[in-house]
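Visitor: I'd like to ask some things about the structure below.
The values are calculated or read from the model by the stated rules, or taken from the named source; none is laboratory data. Note that this is a predicted model, so its numbers are computed, not measured. All Cβ positions, even for glycine, are placed from backbone atoms using ideal geometry, and neighbour counts span all protein chains on display. Only protein heavy atoms, including side chains, enter the accessible area calculation; ligands, DNA and RNA are left aside. Shrake-Rupley method; radii C 1.70, N 1.55, O 1.52, S 1.80 Å.
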Amino acid sequence: ASTYRKIGKSTMRRATTIPSIAAAAIALLSIAITPTVDAQYRRLGRPDFIDPDPKTVQTKEMKSRRRFVSYRSSEWEQMWLENIDQWTREQKICHVLLSEQAQIVHDYLNLLCTSRMPAPYDHWCVIDDELHPLWYNGGNRERFDLTFERPSEVPDDVPVPPPWPVRPGPQHDHIVSRFIFLDEITGEYTIEYIEPLISHLRFPLAMCLEAQPNDADHKYHFVTFRGWVLPPPPVVKASRAILYDAGSSTWVDGAGGPSLAFLTKMWLRHGIDFDVIYAFDWEYSHEEFYTSVPDEYKAKVHFRKAEISSSLAKHNDAHPFLPQLIKEATDVDDYVVFKLDIDAPTVEDGSMVALLDPSSTKVDEVIWEHHVSGNYLMSPLWLDAVSDLTIRQSYEYFLRLREKGIRAHSWV
């Protein structure tokens, strides 16, 4: 019962220990205007928890089909916001997930299923992240029966159904968090769900369970698993869907698995086909990169071998500051996804601070691996590529971005 307790409004006072470089920007944070994107999802009418003040949504003469109104943490996310300091200090993140919150984790895994096996094997499902599909036995809620290989009880001649997009609904409100958007033309509100900010901001069970099969080939599969990231619902865009990938590697390479292959396939599964893709990486040559690009994307992709700058003051063609580049190259009607993972915390933090500026409104989605020393489960894997921040401060970055209307995802 305590696991599913009703939380209501939180009285938590959030920590104010984000570094000074971010503090000024965050202090100025207000509800922002996101680019025009028409979400085709669950209609709400006029929910009573939305501030009726028209000033929160009527700040431009141009009518938007997707005006950001508010962000609401799920009950599960709220638990973690209230307790992450204590659970980190006591190093009990895994204990909480595997015992106190085990049934919520099971609910979450069931939600994430993208293929359900036919009877009599329908207690098994597959969570397909386009790299290492994970099998989950939803019929066994006494423990976590997860494997990266087909279970022996499911015959090889039983095909796995094609993956479908994850579509949360009201029955999942205790699990997933949600954005509220307003269509200023029709007056209708819509919900867009997103994975909750929980655990150590990865797949929740990573570093808590050993991957199965328990061998060298599968050892880090939970750490690099991405099946918990929820793209937005199908989008009707007024202009273009644009992806910026900083730290792209090639189409088939990447320390945690190729990001471009994942983002294009997973977003397409959710109805979004990128019109333009900009990739940035210092490690690979133009020839190495373009050789890896599938034929169907060659005309869409633009690669730059470049190191990313940490601030607008250092922005130039050879060292672009991506928030500025996005501002210059995109229109208000574009749907923009910005993935950032270059293993350089100072540079990455500079980009996030820029996105938190109230005048920065051209990014709809952020996908970011935040390396912080206070993440005691993950920092040993990051070695020296960490900033001297707590996991609480990491939570705060993602929460502030979401409260600005940006769908912010932690990355691997």
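Visitor: Any idea how far the Cα center of region 132-174 sits from the one of region 210-278, in Å?
Guide: 19
Visitor: Let me ask something else. Normalised by the number of residues in region 102-244, what is the relative contact order in percent for Cα pairs under 8 Å and 6+ residues apart? Walk me through the numbers before you get to the answer.
Guide: Details: 187 pairs, mean separation 28.9, N = 143.
Dividing the mean separation by the residue count of region 102-244 yields 20 percent.
Visitor: Any aspartates and glutamates with Cα under 16 Å of the Lys327 Cα? List them, leaving off those in the same chain fewer than 8 positions away.
Guide: Answer for Lys327, where 16 Å is the Cα cut-off: Asp245, Asp317, Asp357, Asp364, Glu365, listed by chain and number.
Visitor: For region 202-342, what mean projected area does the convex hull of the alpha carbons give, in nm²? Numbers along the way, then the final one.
Guide: Details: hull surface 40.2 nm².
Result: a mean projected hull area of 10.0 nm².
Visitor: Give the Rg/Rh ratio for region 357-412, taking Rg as the radius of gyration of the Cα atoms and Rh as the Kirkwood radius, to two decimals.
Guide: On the way: Rg = 12.3 Å, Rh = 12.0 Å.
Rg/Rh: 1.03.
Visitor: Find the eigenvalues of the gyration tensor of the Cα atoms of region 281-383, then list the square roots of 5 times those eigenvalues as equivalent ellipsoid semi-axes, largest first, in whole angstrom. Walk me through the intermediate numbers first.
Guide: Numbers: eigenvalues 109, 84, 40 Å².
Those come to 23, 20, 14 Å.
Visitor: When the Cα atoms of region 101-142 are enclosed in a convex hull and the volume is divided per residue, what value in Å³ results?
Guide: Given the Cα convex hull of region 101-142, per-residue volume reads 65 Å³.
Visitor: Give me Rg/Rg_expected for region 220-264, where Rg uses Cα atoms only and Rg_expected = 2.2 N^0.38 Å with N residues.
Guide: Values: Rg = 12.8 Å, N = 45, 2.2 N^0.38 = 9.3 Å.
That works out to 1.37 for region 220-264.
Visitor: Which values, in whole Å and largest first, are the semi-axes of the equivalent ellipsoid of region 137-192 obtained as the square root of 5 times each eigenvalue of the Cα gyration tensor?
Guide: Numbers: eigenvalues 276, 53, 12 Å².
In descending order the semi-axes read 37, 16, 8 Å.
Visitor: Of the peptides 75-87, 197-209, how do they stack up when ordered by the mean number of other Cβ atoms within 10 Å, highest first?
Guide: Details: 75-87: 19.5, 197-209: 23.2.
Packing order, densest peptide first, comes out as 197-209, 75-87.
Visitor: Work through the residues other than Trp411 whose Cβ is under 13 Å from its Cβ and net out their charges, Lys, Arg +1 and Asp, Glu -1. Don't jump to the answer; show the numbers that get you there.
Guide: Details: positive: Arg202, Arg226, Lys339, Arg407; negative: Asp129, Glu195, Asp245, Asp341, Asp343, Glu348, Glu365, Glu369.
Here the count lands on -4.
Visitor: I'd like the carbon and sulfur percentage of the solvent accessible area for region 223-345, probe radius 1.4 Å, heavy atoms only, ligands and nucleic acids excluded.
Guide: Values: 2450 of 4840 Å².
Whole-percent figure for carbon plus sulfur exposure: 51.
Visitor: Sticking with this structure for a sec: Which whole-number percent gives the relative contact order of region 335-412, counting Cα pairs below 8 Å spaced six or more residues apart?
Guide: Relative contact order of region 335-412: 35 percent.
Visitor: Now, a different point. Measuring from label point to label point, each 7 Å out along Cα→Cβ, what is the Glu100 to Asp333 span in nm?
Guide: Each label point is offset 7 Å from its Cα along the Cβ direction, giving 5.0 nm.
Visitor: Two decimals is fine: what's Rg over Rh for region 60-154, C-alpha atoms, Kirkwood radius as Rh? List each step's numbers first, then the result.
Guide: Values: Rg = 18.3 Å, Rh = 16.2 Å.
Rg/Rh for region 60-154 comes to 1.13.
Visitor: Over the Cα atoms of region 159-275, what Rg and Dmax result, in angstrom?
Guide: 16.9, 55
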